[in-house]
1. Taking amide hydrogens as modeled 1.01 Å from N in the peptide plane, which residues meet the under 5 Å criterion relative to residue 233, leaving out close sequence neighbours?
2. May I ask you to compute the full-extension gain from residue 170 to residue 99, defined as 0.36 nm times their residue separation minus their alpha-carbon distance, rounded to one decimal in nm?
3. Among the complete DSSP H segments of the chain, which ones combine at least 24 Å of alpha-carbon extent along their axis with a mean Kyte-Doolittle hydropathy of -0.5 or more?
4. 222 nm [θ] for the chain, helices only, -39500 (n - 2.57) per DSSP H run of 4+, per residue, to 500?
5. Given a Förster radius of 56 Å and the C-beta distance between residue 642 and residue 467 as r, what FRET efficiency does 1/(1 + (r/R0)^6) yield to the nearest 0.05?
6. Which of 475/515; 77/123; 37/475; 32/534; 110/152; 206/606 have a Cα-Cα distance over 22 Å?
7. Using packing as a proxy for protection, rank 168-180, 268-280 so that the peptide with the highest average count of other Cβ atoms within 10 Å comes first.
8. Mind giving me the FRET efficiency for residue 363 and residue 59? R0 is 25 Å, r the Cβ-Cβ distance, nearest 0.05 is fine.
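The values are calculated or read from the model by the stated rules, or taken from the named source; none is laboratory data. These figures come from a predicted structure and were not determined experimentally. Glycine also receives a Cβ, built like all others from the backbone with ideal geometry; neighbour counts cover every protein chain displayed. Surface areas here come from the heavy atoms of the whole protein model, side chains and all, with no ligands, DNA or RNA. Shrake-Rupley method; radii C 1.70, N 1.55, O 1.52, S 1.80 Å.
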Amino acid sequence: MSLLSATPHQPAVSEREARQVAEAAREQDWRKPSFAKELFLGRFRLDLIHPHPMPPDEDVQRGEEFLTKLRDFCETKVDSALIEREARIPDETINGLKELGALGMKIDTKYGGLGLTQVYYNKALALVGSANPALGALLSAHQSIGVPQPLKLFGTQEQRDIFLPRCARTDISAFLLTEPDVGSDPARLATSAVPDGDDYVLDGVKLWTTNGVVADLLVVMARVPKSEGHKGGITAFVVETASEGVTVENRNAFMGLRGLENGVTRLHQVRVPAANRIGPEGAGLKIALTTLNTGRLSLPAMCVGAGKWCLKIAREWSSVREQWGKPVAFHEAVGAKISFIAATTFALEAVLDLSSQMADENRNDIRIEAALAKLYGSEMAWLMADELVQIRGGRGFETADSLAARGERAVPAEQVLRDLRINRIFEGSTEIMHLLIAREAVDAHLSVAGDLIDPEKSLSDKAKAGANAGVFYAKWLPKLVAGAGQLPRSYGEFHPAGHVDLSGHLRYVERSARKLARSTFYAMSRWQGRMETKQGFLGRIVDIGAELFAMSAACVRAELLRTTGEHGREAYQLADAFCSQSRVRVEELFGRLWSNTDDLDRKVVKGVLGGAYTWLEEGVVDPSGEGPWIADATPGPSERENVHRPIR
């Protein structure tokens with residue numbers, strides 16, 4: 001068996017073992033309906049999202065009251081330029097957010113929190129993130145993946161009583177999973193938690209600990225060794241940052257989010273009471289992934305805020321900047337970019353609000369919807385910011401301080417581009433999100449036919465799987481031939497009098513969902529056990545699903561706004577524009593499913609890694625510094641100054 005390279009303190013695992021760890025951590029069952037899951041199976045269940053779900057009036061009132069206070073704070077107390085210059089959020093700004101109750105937006109009122117819904121929590125993140133993205137990241141990391149959310153879902157009542165009041169008002173939390181040599185492959189997690197009486201003793205090094213530099217409480221993922229009375233496995237703990245043996249060894253600096261309090265944290269012989277363990281031993285990854293099901297919605301929330309800002313700047317700038325006798329907005333090349341920003345912002349907000357409201361209602365399983373929102377939001381927001389920089393021209397590349405110094409409006413377009421870039425990596429990179437969503441999208445197939453393509457299954461297992469698959473596909477495949485998308489009057493409620501016609505776009509979604517399912521089935525039949533290696537194909541399948549989900553959400557939101565009398569005509573226009581743009585992308589993706597350079601790319605990669613093209617690298621100098629590619633993370637006492645900086 002081929003083993004991945006491993007240091008002495010790090011588990012050596014095969015590719016198959018790594019997949020098994022990830023598979024064991026995912027939720028296995030689908031107890032509730034899922035619009036996105038059905039979409040990937042070729043079933044367009046519009047009834048699951050239309051009519052658009054609505055929040056109760058009391059939730060709206062509480063949310064709007066807080067947004068009013070937060071907006072005033074952001075406009076009067078947040079100096080984004082100062083944060084960018086000094087690469088630090090002032091203590092008084094963080095303390096002001098604490099006084100507002102912003103640390104406890106998602107924490108129940110009985111623990112001192114504000115008890116906001118997911119919808120209004122996301123609206124608040126979009127608002128504060130527009131003031132400064134590092135502030136949004138601070139609040140999001142604290143509440144979406146830090147101590148409050150896992151305790152809400154998996155903690156004991158005693159843990160909630162002890163920690164949630166602190167998190168609601170005073171204490172900042174952080175989430176510690178990643179290690180210097182462990183990213184999206186948690187099977188190789190090296191941080192250990194050794195049972196010792198009523199305690200666990202933690203040892204290890206954690207990297208990219210967002211909020212870790214200023215955090216009071218940490219959620220730490222560590223591996224408990226299997227022993228008598230201990231199931232073992234990756235386990236979650238609440239750790240006090242002030243505990244002996246916890247050292248923040250470095251405050252990291254990045255391309256963007258310069259106010260981000262992100263660091264490297266070493267744990268050496270840190271004693272943690274067993275009472276601080278979240279859930280049972282071995283449940284750590286499941287806790288992390290379940291927490292992220294809704295936690296991932298925080299990133300698209302800030303992407304929506306960025307899109308709104310990009311639209312505002314594009315509109316204002318393009319109306320006053322003239323070239324060749326007219327505003328640049330009326331030149332088609334620039335106008336197309338403005339249309340893209342406007343239509344995409346509308347769709348991203350539709351996806352976010354729909355997913356968030358479904359999370360609040362808890363009627364649907366939204367694990368795929370939240371993942372699609374994160375994937376799609378992060379990719380599209382980056383494109384919108386890039387287009388804004390292009391619209392602004394040289395001024396888009398110039399810093400806000402430089403613009404102000406020569407007497408022009410200090411528009412931080414280049415900063416927004418830098419700040420948004422991390423969202424394509426945060427909380428699951430685009431590549432990992434493709435694989436995660438693809439795994440969920442083909443779950444129905446694997447549940448009935450997975451044993452057929454598993455090389456370790458016996459002939460009897462394969463025979464049984466073949467019989468089950470035959471029954472499933474005999475019922476499923478015929479339904480992919482025809483559907484409502486081929487009937488010219490389907491979804492007629494989306495073509496009201498006096499408005500553009502959105503019904504055709506929904507018929508396209510229905511037809512495309514069936515085509516997507518047929519393509520997935522054909523690929524599984526063709527590649528079988530090698531399907532998991534076809535990451536290019538799987539990524540395109542997921543991207544098509546993301547576009548179809550966004551189109552559906554945009555149409556449903558437009559109809560909601562029409563029926564509530566709020567900008568209905570304009571919403572229909574934006575939805576029509578978005579769907580038309582999206583359909584172009586979908587057709588291209590469908591074409592690239594079978595006509596692409598994937599095989600050729602693999603050959604080139606082998607050549608690159610084998611040294612066949614090193615001659616191509618000649619003629620340059622490498623300004624990189626010396627040092628290992630991956631820092632040593634051997635457990636042991638810290639030899640560096642503790643740069644932990646609690647906010648008081």
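1. 224, 226
2. Values: separation 71, 0.36 × 71 = 25.56 nm, distance 0.87 nm.
Computed gain between residue 170 and residue 99 is 24.7 nm.
3. Details: long enough: 57-77 (29 Å, -1.27); 298-320 (34 Å, 0.45); 332-361 (43 Å, 0.66); 367-392 (38 Å, 0.28); 459-476 (25 Å, -0.15); 503-527 (36 Å, -0.76); 535-563 (42 Å, 0.74); 568-594 (39 Å, -0.38).
Once both thresholds are applied, what remains is 298-320, 332-361, 367-392, 459-476, 535-563, 568-594.
4. Numbers: 23 runs with 337 residues, N = 648.
For the chain, the value works out to -17000 deg cm²/dmol.
5. Details: r = 62 Å, r/R0 = 1.10.
E between residue 642 and residue 467, to the nearest 0.05, is 0.35.
6. Numbers: 475/515 17 Å; 77/123 19 Å; 37/475 17 Å; 32/534 29 Å; 110/152 13 Å; 206/606 32 Å.
Too far apart for the 22 Å limit: 32/534; 206/606.
7. On the way: 168-180: 23.3, 268-280: 17.5.
Descending packing order for the listed peptides: 168-180, 268-280.
8. Numbers: r = 16 Å, r/R0 = 0.62.
The value I calculate is 0.95.
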